[in-house]
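One structure below.
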Amino acid sequence: MTKAVNEDDGFEPLNDYPELERVFFPKTQRTWALGVLRLLGWRLEFNGMPGLWGVAVVYPHTSNWDFPIAMLAKWAIGVQARFMAKDTLFKWPVFGAWLSALGGMAIDRSQTQGVVGQMVEHFAACKASGEMFWLGVAPEGTRKYQAGWKTGFYHIAHQSDVPLLLVRFDHGRKVIGVDQCIRLSGDMDADFLRMAKAYKGVRGYHESKASPIAAMPKGHA
């Protein structure tokens, strides 16, 4: 399940946090989920999470298939990663419980500090208590083609001073790569160039729907 370097194509994953001890989850990983991924033809490349806290971006997101594949990868690794969802979705008893079980985290968009502020506060609280917290984000925000990535994930990771894990959903090679992390510099343009390099050659299920790896231009939703 773990593979730091793909010898077939010379891929060398980025790692800006060599000082952090890699975290594995032997007590919570589900071998059946890894088996299902293999039956579906997928290979999982994972060499441990870089520390207890961080933001994981998943790219590209072009198909409904991406979510169940992501859940299988999450269970196979065993990480209790969370993802953000509107708080109103959790008001439905059965659906809300299901979302919570999958890792959903209710976000109140009406709060004055906004989504970024809420997440930065949550990271600070988790660091203070020593509680592990990994936040998963699909920065395109939709399966449709967009002019760029929404940048909320960037501000959350940078302001919280946590690693940014670059997760690859490569439908071309049938590889889920959870093995690259970068340290954000605050220079968004430079950091996005590094992200684009890390995702070079990665293909979505619908290639034409994959958004360019760049900050969403002003004036776009």
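General observations
- Any hit, region 26-48, residues being more than 24 Å from residue 164 (Cβ to Cβ), without any contact (Cβ under 8 Å) to a residue 12 or more places away in the chain and part of a loop (DSSP other than H, G, I, E, B): no
- Members of region 143-180 that are touching a Ser or Thr at 6+ places or on another chain (Cβ under 9 Å) and either within 25 Å of residue 25 (Cβ to Cβ) or of a type outside the set (A, V, I, L, M) (or both): 143, 144, 145, 146, 148, 149, 158, 169, 171, 179
- Residue list for region 100-140, filter: touching a strand residue (DSSP E or B) at 6+ places or on another chain (Cβ under 8 Å), of a type outside the set (A, V, I, L, M, F, W, C) and assigned to a loop (DSSP other than H, G, I, E, B): 103, 109, 139, 140
- Inspection of region 200-217 identifies no residue that is surrounded by 18 or more Cβ atoms within 10 Å (Cβ to Cβ), in a helix (DSSP H, G or I) and touching a residue at least 60 places away in the same chain (Cβ under 8 Å).
- Annotation: of all residues in region 150-166 being in contact with a helix residue (DSSP H, G or I) (Cβ under 8 Å, 6 or more places away or on another chain) and outside any loop (DSSP other than H, G, I, E, B), the one that is surrounded by the most Cβ atoms within 10 Å (Cβ to Cβ) is 164.
A short reminder: the numbers here are calculations on the coordinates, not readings from a lab. Note that the structure is a prediction, hence the values are computed from the model and not measured. All Cβ positions, even for glycine, are placed from backbone atoms using ideal geometry, and neighbour counts span all protein chains on display.
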